[in-house]
Amino acid sequence: MSADTLSVDTRLAPQPGTGSLRRFTRRRSTIAFLMTLPLLLVIVCLVAYPAAYGVYLSTLNRTMERSIGLGNFEILFDTDTFWNVVWQSCIFAITAVIAKALIGFWLAHMLHHIPTKGQRKWRGMLLVPWVIPPALSTLGWWWMYDPSYSSINYLISIVGAPPVPWLGEPIWARAAIIIVNVWVGAPFFMIMYLAALKSVPEQLYEAAAIDGATGFQRLRYVTVPMMANIISITVLFSLIVTFANYDIVRVLTNGGPRDLTHVFASYAFQVGILSGNIPRGAAVSLFMLPILAVCAFFVLRGVTRRNKEQM
Amino acid sequence: MAQVSLRKIVKMYEGDVQAVKGIDLEIEDHEFVVLVGPSGCGKSTTLRMIAGLEEISSGDIAIGGTVVNDIPPRDRDIAMVFQNYALYPHMSVFDNMAFGLTLRKFPKAEIKRRVDEAARILDITPLLDRKPKALSGGQRQRVAMGRAIVRDPKVFLFDEPLSNLDAKLRVQMRTEIKKVHQTVRTTTVYVTHDQVEAMTLADRVVVMNQGLIEQVGPPQELYHHPATRFVAGFIGSPAMNFLPARVENGAVHLPGGAVLPIPEARRARYAGAPGMDLLFGIRPEHLTDHRPGLPNRADITITPEVIEPMGMETLAHFHLGEARDCCARLEPTVLAEPNVPIVLSADMNNMHLLDAKSGRVL
């Protein structure tokens, strides 16, 4: 019996009173919608609503009694500290993500070439920085950065160099924050890249070796293009998380010295919560959105294009 | 173009597993040699050692007279076609084929000329701008061959290149490979587990078993004069029948009482056979329907268990005494039926007698 005949038969068959409702609930699209409904509710409650409320808040005055349109943004744009925060956030996020990506890639390669048994042990150890709550591990780093009693300065003194005021001078404080962020985040890149490396067929490397590729050329022409999607997605994800980083700056420097190590999240917290100007804090937070939206657009477009071509 | 020499090649894996147990093989310039054998016989390992993808535990491999044991694959001037094609998915067909030349810094015009020429030979010119994803299995295999051809290497290595194709395409690609070899005449080493591929493609077939070479020779020689029971059973489809036998008074005595006289021309060869534990080997195509009057034929009565009409022939499966899974090839016009006895004619000019203990063909 053909599908057409079957559908005609079904339509002609006598239906009980609740037939149309039953048909509606049995449709695949209805079932799919009902099954995704819990997730949609979570997204609406925890993402869409707070985001929309954030936009609404950013248009209010300090006492949150009346709308001032884009007034909060205009004030921010006239503030040197805000532009410092924009600059610092970009430097912090880009430097940290590049360092995490490179170190993660290197670690993944090293692990990939260790036999499976030993690999599991090393993989577990290398993931430790990522699984410790960052607030706790950053506290440990805070101790290590202490100018007088720290282990890092002790090691530096062994080679005869003067102690470094890690958290006291802007340039060192920025470096200190990036180092901790890289320490925490590199294992994530490592595990993602390791999974990607394992999915590259060994025969491609063998074909490249026979084609005449050196080790570096195999990396450039086989490994990197084959991992391009994972690299892009991981970098985008890390960029978003790093831009929104709060805890490391809060624990290590609290934005100091002289507000020169603030990033968007810590500055938004300072302006919105500590200084009591919630609408302007919301405006600071929202400033990340267009930067990340542009990055996400280009990265995801590249991923889609590559998927179409290769998968 | 080059000779390939394998001298006492051994490959040991961890845990003292010996994949290749000291093989010697000389492959002549322009020759098409096929390594064939069951899974795990060491044929792919041997090919990968020639390619430089596996280290040699002991022995020497020479390409064009130069020992290449310690030379990396890129400097051996070989090209390889893999079972899974191993095309770079992010590159177009043109770039895939040009990759080896680009790495060797060939001028762009020369790269284009070579790729266009290979594409013309393989009939893939319209596909040059496509990505591998947009190609069928057969087209991908052609591209993989094109990648090998453009390099104009000393040796082509094929590692079961047709295993992933369907039966019809496999036959078509087999012909393509033979045509390409007849055109470019590059020394070729081809690995397969399919004896039909081996027989149809090879100038010489190397039959391997358990890490050793059982026999090397042209396809017809292997078919007509197998050296061992393994080769006799491996070459030919359906496989050769083996029946326990003894030789007395110039005749082969089979279980069930059948007595098959040995042709006069072969008697001297089997002079030492009486008293030995023997196997009588005969191919299904030499065990046909009854044809009275033909010289050197012997009659044998069997009871078919299963009849398989194939169109151009009919296969009759039977057992004779302890020998099970025997097969005869009958003319399609013969009206054979299961469980109805039938008289067959054994072509005794094409029989084989094997030492049951050593498996050597007498």
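At the nearest 100 Å², what buried accessible area, both sides summed, do you get for A and B when the probe is 1.4 Å?
The contact between B and A buries close to 2000 Å².
Probe radius 1.4 Å, ligands and nucleic acids left out: which of A:Trp142, A:Trp87 has the largest accessible area, and how do the rest follow?
In descending accessible area the options line up as A:Trp87, A:Trp142.
In what sequence, largest accessible area first, do B:Lys178, B:Lys112 appear using a 1.4 Å probe?
Descending order: B:Lys112, B:Lys178.
Using the alpha-carbon centroid of each, what span in Å lies between segment B:118-159 and segment B:212-275?
Answer, in whole Å: 44.
If I compute solvent accessible area with a 1.4 Å probe over the protein chains, what percent of it on segment B:113-157 is carbon and sulfur?
Reported share for carbon and sulfur atoms: 43 percent.
Might you report the magnitude of the Cβ-based charge dipole of chain B about its Cα centre, with Lys and Arg at +1 and Asp and Glu at -1, to the nearest 20 debye?
1180 debye
Using only Cα atoms, locate the centre of segment A:41-75 and the centre of segment B:35-63, then give the distance between them in Å, rounded to an integer.
Computed from Cα coordinates, the inter-centre distance equals 69 Å.
Please label the shape of segment A:107-167 as rounded, prolate or oblate, based on the square roots a ≥ b ≥ c of the eigenvalues of the alpha-carbon gyration tensor (a/c under 1.5 means rounded; beyond that, a/b larger than b/c means prolate, else oblate).
It is oblate, given that a/c is not under 1.5 and a/b is not larger than b/c.
Long-range amide H contacts for B:Asp289: which residues qualify at under 5 Å (H placed 1.01 Å from N, peptide plane, sequence gap of 5 or more or a different chain)?
Answer set, sorted by chain and number: B:Glu331, B:Ser345.
Through the Karplus equation 6.51 cos²θ - 1.76 cosθ + 1.60, θ set to phi - 60°, convert the phi angles of segment B:66-71 into ³J(HN,Hα) values in whole Hz; use x for Gly and Pro.
After applying 6.51 cos²θ - 1.76 cosθ + 1.60, I find 9, 5, 10, 3, 9, 9 Hz.
What is the set of long-range amide H partners of B:Leu278 at a cut-off below 5 Å, with H atoms built 1.01 Å from backbone N?
Those lying under 5 Å, H to H, from B:Leu278 are B:Ala245, B:Ala356.
With viscosity set to 1.002 mPa s and temperature to 20 °C, compute the Stokes-Einstein D of chain A, Rh being the Kirkwood radius across alpha carbon pairs; µm²/s, no decimals.
Answer, rounded: 90 µm²/s.
Choose one of B:Thr200, A:Ala173, B:Tyr88: the residue whose Cα lies farthest towards the positive end of the charge dipole of the protein assembly as shown (beta-carbon charges +1 Lys, Arg; -1 Asp, Glu; about the Cα centre).
Farthest towards the positive pole: A:Ala173.
Please sort by residue number the trypsin sites (Lys or Arg not before Pro) in segment B:14-68 whose DSSP state is loop and whose Cβ has at most 11 other Cβ atoms within 10 Å.
For trypsin sites (Lys or Arg not before Pro) across segment B:14-68 that sit outside H, G, I, E and B with at most 11 neighbouring Cβ atoms in 10 Å, the list is empty.
Out of segment B:236-288, which trypsin sites (Lys or Arg not before Pro) are coil in DSSP terms and have no more than 12 other C-beta atoms within 10 Å?
B:Arg269
Give the long-range amide H neighbours of B:Leu353: residues separated by 5 or more places, or on another chain, with amide H under 5 Å away, using H modelled in the peptide plane at 1.01 Å from N.
Result for B:Leu353 returns B:Gly281, B:Leu362.
Return the sequence-ordered ³J(HN,Hα) values of segment B:78-87 in whole Hz as given by the Karplus equation 6.51 cos²θ - 1.76 cosθ + 1.60 applied to θ = phi - 60°, using x for Gly and Pro.
Those phi angles translate into 10, 9, 10, 10, 9, 4, 9, 6, 6, 7 Hz.
If you keep only loop residues by DSSP, which GluC sites (Glu not before Pro) in segment B:2-48 have at most 10 other Cβ atoms within 10 Å of their Cβ?
B:Glu14
For segment A:75-310, what is the charge dipole size about the Cα centre, in debye to the nearest 20, if Lys and Arg each add +1 at the Cβ and Asp and Glu each add -1 at the Cβ?
Charge dipole of segment A:75-310: 660 debye, to the nearest 20.
Using a loss threshold of 50 Å², tell me which positions in segment B:59-80 are less accessible in the complex than in their chain alone. Probe radius 1.4 Å, ligands and nucleic acids ignored.
Buried by 50 Å² or more upon assembly, which counts only protein chains, are B:Arg74.
Please report the spacing between the Cα centers of segment B:167-190 and segment A:261-304 in Å, no decimals.
When both Cα centres are located, 62 Å separates them.
Cut-off 10 angstrom, C-alpha nodes, Gaussian network model of chain B. Which of B:Arg147, B:Arg283, B:Arg185 fluctuates the most?
B:Arg185
For a 31 Å ceiling on Cα separation, which of these pairs sit above it: B:Lys108/B:Lys133; B:Lys108/B:Lys168; A:Lys198/A:Lys308; A:Lys121/B:Lys133?
Table pairs above 31 Å Cα-Cα are B:Lys108/B:Lys168; A:Lys121/B:Lys133.
How big is the dipole moment of the protein assembly as shown about its Cα centre under a simple scheme where the beta carbon of each Lys and Arg is +1, that of each Asp and Glu is -1, and everything else is neutral? Debye, nearest 20, please.
It comes to approximately 1820 debye.
How large is ³J(HN,Hα), in whole Hz, for each residue of segment A:33-49 in order, when computed from phi with the Karplus curve 6.51 cos²θ - 1.76 cosθ + 1.60 and θ = phi - 60°, using x for Gly and Pro?
My calculation for segment A:33-49 gives 5, 4, 6, 8, 4, x, 5, 4, 4, 4, 5, 4, 6, 9, 10, 5, 5 Hz in order.
Other chains near B:89-97: what is the mean number of their Cβ atoms within 10 Å of each residue's Cβ?
3
With a Cα-only, solvent-free Debye model of the protein assembly as shown, what are the log10 I(q)/I(0) values at q = 0.10 Å⁻¹?
-1.07
Go ahead and estimate [θ] at 222 nm for chain B from helices alone: -39,500 (n - 2.57) per DSSP H run with n ≥ 4, summed, over the residue count, rounded to 500.
-7000 deg cm²/dmol
Using +1 at the Cβ of each Lys and Arg and -1 at the Cβ of each Asp and Glu in the protein assembly as shown, identify which of A:Val271, A:Ala293, A:Val222 lies farthest towards the dipole's positive end.
A:Val271
The values are calculated or read from the model by the stated rules, or taken from the named source; none is laboratory data. All values derive from a computational prediction rather than experimental measurement. Glycine also receives a Cβ, built like all others from the backbone with ideal geometry; neighbour counts cover every protein chain displayed. All accessible areas refer to the heavy atoms of the entire protein, side chains included, with ligands and DNA or RNA removed. Shrake-Rupley method; radii C 1.70, N 1.55, O 1.52, S 1.80 Å.
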